[in-house]
Number of protein chains: 2
Amino acid sequence: MLGQVAVNESHCHFRPHQFLAREDEQPESIFRIDEGWACRYRLLPDGRRQITGLYLPGDICEPHWALGKRPSQPIVALTNVRAARLSSTPHGSFSAETQQACWKNLAEVIERQTNWLVTLGRKTALERLAHLLLELFERMRASGLAYGQQCAMPLTQMEIADLTGLTPVHVNRTLQTMRARGLVELQSKWLRIPDLASLRDAAALTPNEMLV
Amino acid sequence: MLGQVAVNESHCHFRPHQFLAREDEQPESIFRIDEGWACRYRLLPDGRRQITGLYLPGDICEPHWALGKRPSQPIVALTNVRAARLSSTPHGSFSAETQQACWKNLAEVIERQTNWLVTLGRKTALERLAHLLLELFERMRASGLAYGQQCAMPLTQMEIADLTGLTPVHVNRTLQTMRARGLVELQSKWLRIPDLASLRDAAALTPNEMLV
DNA sequence: CGCAATATTGATTTAGCTCAACAAAGGTGG
DNA sequence: CCACCTTTGTTGAGCTAAATCAATATTGCG
């Protein structure tokens, strides 16, 4: 959907834990993730961590760099990542096509962040996990990476904890509850959702809440 | 800073609890808040509420409507609000000046939302309140509405609770702790911050975190 | 003055956290 | 292919920050 390799693209890849960007770095380009997962996060003085955004294949990383902002948070690969470096002219501008993709992506980011404010502010552990797994599945499906009712899910429980504002231990226990209730099947980095409707229910979505 | 009344502006005002926008409405224009406070929020099926954004004087409401999105959340006045209706041409486009303001605002919104993800995901009640009061003060100061170390603070404890993901009762108790520690003075809708540095400390901000 | 909204206080409960083992998986080098 | 070691996942026991429930003050306003 985002087109093949355009004129000024170059490819690069990253291993897990490698940085795509560091704080306050000058971003001379933005990426389109072609394969693998990455995230941005913030670390509190005492070590607490919150992941504030997830980049899946097809995502632009970071759209708002195109608005002239510089990274305020590190971005790190969670798996092996293959990405296209969308190059800019010397003046820091991008192709019209790229700008288009950025804005679309930007609007999605705001929408998703808003959804997560609600989840982190008001939802229980089970609702949070349901929201997360649902969102992952829907996003993977939207980019053609879901197969039937399943998709890859490479996150560790620790990473899930840092996304949902829970502890790893509690993530573990809550996932077990969800498995016991037949809400999800989750094993060896693979997610299956037997019944989308009941998972949606469990996520306490607002009527209006579209996840992608 | 955002200029005086431009050619195609018209003014309007709202009373507390009046809607500036409802869900799924077609927004034929966007607003610049000139006076008063408003917020957008989301309601869960069982009545839990999370406020997902606050509009203070000078803010654009909503910048991303200009990106062609329609409201996915209601926006409601918290106080008396005076606003300028920034009109668009029949084609839905805005003046260059307005677009400029939108993008600046948009970048700020993303930055602030990200900060709040961290706070809602990982911070204690006292840290949340410190973050909120600090942000309010800094934003008010940035638009020239702070007087020395104080500014207006019209929110009720219930509204503060819906912003910080806490219960009103716990907000009350935590504010008392903060007052006792000399972190804030807060009475009759007026906020005073005796020592910005210690409140900043109490908010557990990341080194990088600029609030406005 | 009287009513409704807001703020405060106390007593109790609970969802989720902490601490501490231990078990499985997975990758690496021999 | 196996032995080792690190990372990830699982389980148990106890603790605590914040929620809940229930009054009672206080404030502001018509």
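Every number in this text was worked out from the coordinates using simple rules, so none of it is lab data. Predicted, not measured: the structure shown is a model, and the values here were computed from it. Virtual Cβ from ideal backbone geometry, glycine too; neighbours counted across all protein chains shown.
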Next item on the list: In whole Hz, with x marking every Gly and Pro, tabulate ³J(HN,Hα) for region A:39-46 from phi via Karplus 6.51 cos²θ - 1.76 cosθ + 1.60, θ = phi - 60°.
Entry: 8, 10, 8, 9, 10, 7, x, 8
Next item on the list: Decide, for region A:9-112, between rounded, prolate and oblate: order the square roots of the alpha carbon gyration tensor eigenvalues as a ≥ b ≥ c, take rounded if a/c falls under 1.5, and otherwise choose prolate if a/b is larger than b/c, else oblate.
Entry: prolate
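Please compare each pair in B:LYS123/B:LYS189; A:LYS104/B:LYS189; A:LYS189/B:LYS69; B:LYS69/B:LYS189 to a cut-off of 29 Å on the Cα-Cα distance and tell me which ones are over it.
Cα-Cα > 29 Å for A:LYS104/B:LYS189; A:LYS189/B:LYS69; B:LYS69/B:LYS189; rest within.
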Notebook entry, point to check: When the chain is fully extended, how far beyond the present Cα-Cα distance does B:ASP34 get from B:ARG85, taking 0.36 nm per residue of separation?
Noted result: 17.3 nm
Next item on the list: Just tell me how shielded B:70-79 is by partners: mean number of partner chain Cβ atoms within 10 Å of each residue's Cβ, no decimals.
Entry: 2
Next item on the list: Within 10 Å of each Cβ in peptide B:38-50, how many partner chain Cβ atoms are there on average? Round it to a whole number, please.
Entry: 4
Notebook entry, point to check: What average number of partner chain Cβ atoms lie no more than 10 Å from the Cβ of the residues making up A:118-127?
Noted result: 6
Next item on the list: Report, in degrees rounded to the nearest 10, the 0 to 90 angle that the Cα long axis of helix A:96-122 makes with the longest principal axis of chain A.
Entry: 30 degrees
Check: Separation of region B:93-165 and region A:28-49 by C-alpha centroid, Å?
Finding: 23 Å
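Can you compute the helix-only [θ] at 222 nm over chain B? Use -39500 (n - 2.57) per DSSP H run of at least 4 residues, normalise by all residues, nearest 500 deg cm²/dmol.
Mean residue ellipticity at 222 nm (helix-derived): -11000 deg cm²/dmol.
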Note to self: Sort A:174-185, A:117-128 by packing, meaning the average of other beta carbons within 10 Å per residue, with the highest value first.
What the structure shows: A:117-128, A:174-185
Checklist line | Computed over region B:124-202, the ratio Rg/Rh where both radii use C-alpha atoms and Rh is Kirkwood | finding: 0.93
